[in-house]
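Undergrad: Sharing a structure, written as structure tokens. Questions coming.
The values are calculated or read from the model by the stated rules, or taken from the named source; none is laboratory data. This is a predicted model, so every value here is computed, not measured. Cβ placement follows ideal geometry from the backbone for every residue including glycine, while neighbour counts extend to all protein chains displayed.
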Amino acid sequence: MAKHLFYRRILKEYKALVENKLPGITLVKHTEDLTDFVFRIKVNHANHIYSQSDLYHLSIRITPDYPVDSPQVQFILFNEVIDLDAEDDEHDNDEDEDEDDDLIEVGQSKIPMHPHIYSNGHICLNLLGEDWSPACSIETIVLSIQSMLNSNDKNERPPDDVNYVKYAPVNPKKTTFVYHDDAV
Amino acid sequence: MSDIESDFEYEDDFEGSEDGLYESEDDSQSLVPTQEDNYLRGEYNNLEYYPWTIKPFIRYNFQDKIASVRNHIPLATVDEALILLQYKKWQPDEVINAYFDKPQELLNACGLPAIGTSNNQFETVKKFECSICCEKFRTTRVYSLTCKHKYCLDCYMRYIQSSIQSGNLIKCMSTKCSYVVPHSDIDKIIGNKEENQLLLAHARAFIDASSKFKWCPSTDCQGFTEIIKSNGYESDLDSSDISKVPIVSCVDRHEFCFNCNYENHLPCPCWIVKLWIKKCQDDSETANWIEANTHSCPKCDSSIEKNGGCNHMTCKKCSHQFCWICLGSWKEHNRDYFKCNKFKESKSIEERKNKSKLSLQRYLHFYKRFAIHESSMKGDLRTLAIIHEITRMYMEKRKNQEQNLSWNDIQFLPDAIRGLIVGRKTLKWTYCFAYYLSKSNFAQIFESNQDFLNKTVEDLSELFEKLISKDNKDNVVDIILKEKNKIINLSELIMTRKRTLVSGTILNVQQDLLRFEA
């Protein structure tokens, strides 16, 4: 497969992600061409909504127009990670130190409760839409989603969750979100 | 030429050139506009409208306001004035008020440094690493705004190309930096020959979003039309009053309905057009055919079409045996075959079937004619393209003084061409109209008007086709000129008959002499 037009930029981001370990964030999996990433996110402080043992998996897909265009980002369940693995199994991920942990904690993967996160994993976050700028990075996204979880104190889904999930496109980028509430 | 353009004052008033933003307008039309027919602007249905093209629109609505801003804020450059204006939705007064009231607030919101201190730079730099693409350049061209965030031109180009469609102001790529890229720099960066790319995109978005504007629906037509004064058609969209159908025209003189955004569909009112198009699109008629020509098996309900003679049916699906005539089980009535004693009971079913068969036939009758004229219209257009080409060559000859020919000799052709197209279009829609028309003496008058129009349209179409046939290859122009009178007469007759038909229909519908059944 041809390399991404901005491979050099993505490679740099990737190296930085591997070198500077961010607390609570682990790169679980990525494709060889660096266009498909899965991160595991842990909330820093357990509260009444998120327990420290909960695991959330965030899928980040680099679109062909990255970084001009924002990536496709959504929460996924862990069994989807295994599927991803099967797709390119000749690729050995040596940077994946926590592989054993993953296997043990299979059952724990969830879509986090949050008033801006739909139960299908889609995220309503302005950074992923109109506030995206080519100077943002994968790291920016992961960090801002982690802080979105850290600062949340509402154990609820978005008000239109049932309806949205029923008719939502597979790709969350096809949804035009209205960023109505910046307070949460 | 006069009837369309003389009404736009800006054509003459704003020819001045400033920083290359104004350029003289040259949207010469393919068909030379001719005598006004009955619905050019203001003339039709109490509807006032302007046909626009995008460049004069931008000049008139956006660029002409630059001067008034710069009168009050003399230090502002054209680009700064454009940014301020676009932010304030092209209201110069608001820009000026806001500037003198709270200048810093306005400038911050627009992403501008203090007026006159903008320092946007294209530079060639050595040993540069662009933080967007992460390429390391030995030497490259970069662009930066007053904030001094430098990025390579390639990245800027991609960024602008992807964000320009929205028509919104474009900010520096750095996160949380709100400086705005000026309009003229955008053109420089994307290197497009056409100027004012952002204003173009902005105008398109503006037109799309406004209910006062509609794009001309004709293929490849770039024109759009603004409603200046409505005749109140919006208040009752289901009205049968054809005199209120908002037919407008674009600069290329394509007539279209402002409500349906569909070609001129007179004499049909909008609601009938909607019904008709839906009817033609969906398979409601297929359903009617099935109803008329098949029975469903009385036991398992699967549809069965009889292709043989015998009425003793055996369903392939469930093997149920029944009589095709009365749909009763075969076992119960086989001694009374041919006198099928259950006939009376099923009479209502028969009636229903006949009715839907009839309605299908009726629909097909009108639809066939509607469709034939639609495809004939395409044939006409091919013929007309050839004639148009001939006219063009003729004019070139005239230019080169090869022959002593005059423009007047051939001026009738574009008129005749339009006559044919317009007549055919009206004719096409009369069949949709007739389908929904209930029977009456006035309906018969309508039909005879329709026949007259039909005949004239076909005559002219045939004449044109004959003229350009291969036998006449070498001297087409001469032959066309020879038939000049005939062509003029026919095309005028088409227009007259079309007008009679439409205005007569409008009147009769208004007086409730023609009624619809739908």
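Undergrad: Taking B:Pro217 as meeting all but one of (1) within 30 Å of B:Glu48 (Cβ to Cβ); (2) touching a His at 6+ places or on another chain (Cβ under 9 Å); (3) crowded, with 19+ Cβ neighbours inside 10 Å, write down the number of the exception.
TA: Status for B:Pro217: all satisfied but (3).
Undergrad: So which residues in segment B:346-365 are polar (S, T, N, Q) and touching a helix residue (DSSP H, G or I) at 6+ places or on another chain (Cβ under 7 Å)?
TA: We begin by selecting, within segment B:346-365, every residue polar (S, T, N, Q); these are B:346, B:348, B:354, B:356, B:359, B:361.
Selection gives B:Ser356, B:Ser359.
Undergrad: Working carefully through the options B:Gln91, B:Gln121, B:Gln104, B:Gln165, find the one that is without any contact (Cβ under 8 Å) to a residue 60 or more places away in the chain, among the polar types (S, T, N, Q) and within 14 Å of chain A (Cβ to nearest Cβ).
TA: Numbers: B:Gln91 fails: within 14 Å of chain A (Cβ to nearest Cβ); B:Gln121 fails: within 14 Å of chain A (Cβ to nearest Cβ); B:Gln104 fails: within 14 Å of chain A (Cβ to nearest Cβ).
Just one listed residue meets the conditions, B:Gln165.
Undergrad: Name the residue that is nearest to the other protein chains (Cβ to nearest Cβ), counting only residues in segment B:168-193 that are of a type in the set (A, V, I, L, M) and more than 22 Å from B:Gly116 (Cβ to Cβ). Spell out the reasoning first.
TA: If we filter segment B:168-193 for residues that are of a type in the set (A, V, I, L, M), which is where we start, we get B:169-170, B:173, B:180-181, B:186, B:189-190.
Then keep just the ones that are more than 22 Å from B:Gly116 (Cβ to Cβ); that gives B:173, B:189-190.
Values: B:Met173: 5, B:Ile189: 13, B:Ile190: 13 Å.
If we take residues in segment B:168-193 being of a type in the set (A, V, I, L, M) and more than 22 Å from B:Gly116 (Cβ to Cβ), then B:Met173 is nearest to the other protein chains (Cβ to nearest Cβ).
Undergrad: Only one of (1) assigned to a helix (DSSP H, G or I); (2) at pLDDT below 70 fails for B:Ile325. Which number is that?
TA: So B:Ile325 meets the others, but not (1).
Undergrad: Another question about this same structure. Tell me yes or no: at least one residue of segment A:57-67 is at pLDDT below 90, within 16 Å of A:Glu139 (Cα to Cα) and touching a Cys at 6+ places or on another chain (Cβ under 9 Å).
TA: The answer is yes; a qualifying residue exists.
Undergrad: Applying the selection to segment A:20-35, what residues are away from chain B (no Cβ under 14 Å) and either among the aliphatic types (A, V, I, L, M) or within 23 Å of A:Asn150 (Cβ to Cβ) (or both)? Steps first, answer last, please.
TA: Of segment A:20-35, the ones away from chain B (no Cβ under 14 Å) are A:20-33, A:35.
Residues satisfying the conditions are A:Asn20, A:Lys21, A:Leu22, A:Pro23, A:Gly24, A:Ile25, A:Thr26, A:Leu27, A:Val28.
Undergrad: Further, regarding this structure: Against the definition (buried (at least 16 other Cβ atoms within 10 Å of the Cβ) and assigned to a strand (DSSP E or B)), how does A:Ile49 come out, yes or no? Please lay out each step first, then the result.
TA: Details: buried (at least 16 other Cβ atoms within 10 Å of the Cβ): yes; assigned to a strand (DSSP E or B): no.
No: the conditions fail for A:Ile49.
Undergrad: Being surrounded by fewer than 14 Cβ atoms within 10 Å (Cβ to Cβ) and either within 13 Å of the chain's Cα centre (by Cα) or within 14 Å of chain B (Cβ to nearest Cβ) (or both) is the filter here; which residues of segment A:132-172 pass it?
TA: Across segment A:132-172, the qualifying residue is only A:Ser147.
Undergrad: Continuing with this model, one more query. Any idea how many residues of segment A:173-184 are away from chain B (no Cβ under 14 Å) and part of a helix (DSSP H, G or I)?
TA: We begin by selecting, within segment A:173-184, every residue away from chain B (no Cβ under 14 Å); these are A:174-175, A:177-184.
Narrowing the set further to residues that are part of a helix (DSSP H, G or I) leaves A:174.
Total satisfying the criteria: 1.
Undergrad: So, in segment B:461-515, of the ones that are in a helix (DSSP H, G or I) and among the small types (Gly, Ala, Ser), which residue ends up surrounded by the fewest Cβ atoms within 10 Å (Cβ to Cβ)?
TA: Initial filter on segment B:461-515 (in a helix (DSSP H, G or I)): B:461-467, B:470-482, B:484-510.
From what is left, the residues that are among the small types (Gly, Ala, Ser) are B:461, B:491, B:503-504.
On the way: B:Ser461: 20, B:Ser491: 24, B:Ser503: 15, B:Gly504: 17.
Ranking the candidates gives B:Ser503 first.
Undergrad: Now, a different point. Going by the conditions given, is A:Leu5 at pLDDT below 90 and closer than 22 Å to A:Leu125 by Cα?
TA: Values: at pLDDT below 90: yes; closer than 22 Å to A:Leu125 by Cα: no.
So A:Leu5 fails the test.
Undergrad: When the residues of segment B:127-152 are narrowed to those that are within 9 Å of chain A (Cβ to nearest Cβ) and surrounded by 15 or more Cβ atoms within 10 Å (Cβ to Cβ), which ends up farthest from B:Lys176 (Cα to Cα)? Can you show your working first?
TA: Quick first cut of segment B:127-152, residues within 9 Å of chain A (Cβ to nearest Cβ) only: B:130-136, B:149, B:151.
The next check asks that each one be surrounded by 15 or more Cβ atoms within 10 Å (Cβ to Cβ); those that pass are B:130-135, B:149, B:151.
Details: B:Cys130: 18, B:Ser131: 15, B:Ile132: 15, B:Cys133: 19, B:Cys134: 20, B:Glu135: 23, B:His149: 12, B:Tyr151: 16 Å.
Filtering first and then ranking leaves B:Glu135.
Undergrad: Condition test on B:Asn196, is it at the interface with chain A (Cβ under 10 Å from one of its Cβ atoms) and either crowded, with 23+ Cβ neighbours inside 10 Å or farther than 25 Å from B:Thr124 by Cα (or both)? Let's see the steps before the verdict.
TA: Values: at the interface with chain A (Cβ under 10 Å from one of its Cβ atoms): no; either crowded, with 23+ Cβ neighbours inside 10 Å or farther than 25 Å from B:Thr124 by Cα (or both): yes.
So B:Asn196 does not fit the description; no.
Undergrad: Any residue at all in segment B:366-385 that's touching a helix residue (DSSP H, G or I) at 6+ places or on another chain (Cβ under 8 Å) and farther than 30 Å from B:Ile272 by Cα?
TA: yes
Undergrad: Wholly within segment B:1-97, which helices (runs of 4 or more DSSP H) include no fewer than the required count, namely at least 3 residues that are modelled with pLDDT under 85, of a type in the set (D, E, K, R) and surrounded by fewer than 18 Cβ atoms within 10 Å (Cβ to Cβ)? Before the answer, list the steps.
TA: Details: elements: B:2-5, B:10-13, B:54-61, B:66-72, B:78-87.
In segment B:1-97, B:10-13 are the helices (runs of 4 or more DSSP H) which contain 3 or more residues that are modelled with pLDDT under 85, of a type in the set (D, E, K, R) and surrounded by fewer than 18 Cβ atoms within 10 Å (Cβ to Cβ).
Undergrad: How do the pairs read when you match residues in segment B:428-443 that are over 16 Å from B:Val502 (Cβ atoms) with residues anywhere that are of a type in the set (Phe, Trp, Tyr) and assigned to a helix (DSSP H, G or I), using Cβ under 8 Å and keeping only pairs 6 or more apart or on different chains?
TA: Within 8 Å, the pairs are B:Tyr435/B:Trp276; B:Tyr435/B:Tyr363; B:Tyr435/B:Phe366; B:Tyr435/B:Tyr367; B:Tyr436/B:Trp276.
Undergrad: State yes or no: is B:Arg418 surrounded by fewer than 12 Cβ atoms within 10 Å (Cβ to Cβ), part of a helix (DSSP H, G or I) and modelled with pLDDT under 85? Write out each step before concluding.
TA: Values: surrounded by fewer than 12 Cβ atoms within 10 Å (Cβ to Cβ): no; part of a helix (DSSP H, G or I): yes; modelled with pLDDT under 85: yes.
The answer is no for B:Arg418.
Undergrad: Could you please find all residues in segment A:1-16 being touching a residue at least 24 places away in the same chain (Cβ under 8 Å) and away from chain B (no Cβ under 14 Å)?
TA: Hit for segment A:1-16 is A:Met1, nothing else.
Undergrad: Name the residues in segment B:346-394 that are under 24 Å from B:Thr426 (Cα atoms) and among the charged types (D, E, K, R), would you?
TA: Result: B:Arg362, B:Lys368, B:Arg369, B:Glu374, B:Lys378, B:Asp380, B:Arg382.
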